[in-house]
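Below you'll find the structure, written out as structure tokens, and then a few comments.
The values are calculated or read from the model by the stated rules, or taken from the named source; none is laboratory data. Owing to the predicted nature of the structure, the values given are computational and were not obtained by experimental measurement. In this analysis, Cβ positions are derived from the backbone assuming ideal geometry, glycine residues included, and neighbour counts consider all displayed protein chains. Heads up: the accessible areas ignore ligands, DNA and RNA and are worked out on the full protein's heavy atoms, side chains in. Shrake-Rupley method; radii C 1.70, N 1.55, O 1.52, S 1.80 Å.
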Amino acid sequence: MTLLLRWFGLAALWICSALQADTILMPVHPNEPGTVRLQFASANDFSYVQLVHDTVMGGRSRGTLQAVETTALRFSGHLSLANNGGFASAQFNLKQPLPALDFQQIQLQLAADGRRYQLRLKTPFIPDGVAYVAHFDSQPGKASYEFTARDFNGQFRGRAVANMPVLHFADVYQISIMLADKTTGHFDILLYDIEFSALQSI
């Protein structure tokens, strides 16, 4: 029995095409006081996952999601610049709204390949297609990356958006990891969890 089959028998839900969305079911895990920790591999935290690549615009990038035991999701594939393409992303919609806390920072835990990625957030108060975006240079191996609201800027299809509403982390309903570093080649990133904290350490 493979790792995916052991993963609550829901392997088929992770065989996603670039435009498919799937629902999974997994158990709740505890959070520290003043924090909310969401596991990318848990459907108690995320209602569905959607892979969106440049194929929606005629590009040729590709990517897949695969469960790694019960602790992480592997987002991997090939970034192509052909046909004016150049991005691959995995979008996670929160299953439940975040509590109305004054979250001060986000901590993202992943194991990456050294490429430059984007953490993208959406709230109900911005137009469709617009996102709050923070870039980060990943390092090989497992590491944590911390962000405050100041690290995010509004973007629409790679272009800056002015006059964005103030970002309150408690309003976030969608989290995305995107690769769009204008470099053709393989990418591979393990997504563990993301933590919203009312305490600021950076």
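Over the C-alpha trace of the stretch 68-159, radius of gyration and Dmax come out as 14.7, 44 angstrom.
Using only the Cα atoms of the stretch 153-202, build the gyration tensor, take square roots of its eigenvalues as a ≥ b ≥ c, and label the shape rounded, prolate or oblate: rounded if a/c is under 1.5, else prolate if a/b is larger than b/c, else oblate. Note, shape of the stretch 153-202 comes out oblate. In this simple spin-label model, placing a label point 7 Å from the Cα along the Cα-to-Cβ direction at both Val166 and Asp188 gives a separation of 4.4 nm.
Ordering Asp151, Asp128 by accessible surface, largest first, gives Asp128, Asp151; the 1.4 Å probe counts only protein heavy atoms, with every chain in place. Here the gap between Ser47 and Lys95, fully extended at 0.36 nm per residue and compared with their Cα-Cα distance, gives a gain of 16.8 nm. The slack in the chain from Ala149 to Leu81, taken as 0.36 nm per residue of separation less the alpha-carbon distance, amounts to 21.4 nm. Computed about its Cα centre, the charge dipole of the stretch 124-173 is approximately 120 debye, with only Lys, Arg, Asp and Glu carrying charge at their Cβ. Approximating the spin labels as points 7 Å out from Cα along Cα→Cβ, the Val56-to-His135 distance works out to 2.1 nm. Taken over the Cα atoms of the stretch 115-193, the convex hull encloses 105 Å³ per residue.
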